[in-house]
Amino acid sequence: MREITVQLRGRVEPEQYADIVNAIWMQLKAIDCDFTVTPDDQVDPAELDERWDDYSKVSWEKGGRGGTPQAVSAGAAQTVTRTCRTPSK
């Protein structure tokens, strides 16, 4: 077994901590490792779950004020793709 330790210095807000823990979990899941992520004893696991649930509220298609960053990027990529096409002759 291999182990890695991440120590966060300074004040870390609960939402930021949840993002970090969840990001580590997502990364390891994405590369298909057999792993465990063990948060510290200062966090309520329900806070991690709540933050995880917030991620599913992000929409690639919809979003207020011009859309989410993902929607804006996706739209920009589509616009670039459309404007870079060579017209048919």
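The values are calculated or read from the model by the stated rules, or taken from the named source; none is laboratory data. Remember, it's a predicted structure, so these values are computed and weren't measured experimentally. Neighbour counts are summed over all protein chains in view; Cβ atoms, including those assigned to glycine, are modelled from backbone coordinates with ideal geometry. The protein model used for the area step is the full one, side chains on, heavy atoms only, and it has no ligands, DNA or RNA in it. Shrake-Rupley method; radii C 1.70, N 1.55, O 1.52, S 1.80 Å.
Could you list, ordered by first residue, the pairs with Cβ atoms under 7 Å in which the first is in the stretch 2-27 and on the phi < 0 side of the Ramachandran plot and in contact (Cβ under 8 Å) with a residue 60 or more places away in the chain and the second is open to solvent by less than 100 Å² (accessible area, probe 1.4 Å) and of a type in the set (S, T, N, Q), at least 6 apart or interchain?
Within 7 Å, no pair qualifies.
Working only within the stretch 29-50, note down all residues that are open to solvent by less than 50 Å² (accessible area, probe 1.4 Å) and outside any loop (DSSP other than H, G, I, E, B).
L48
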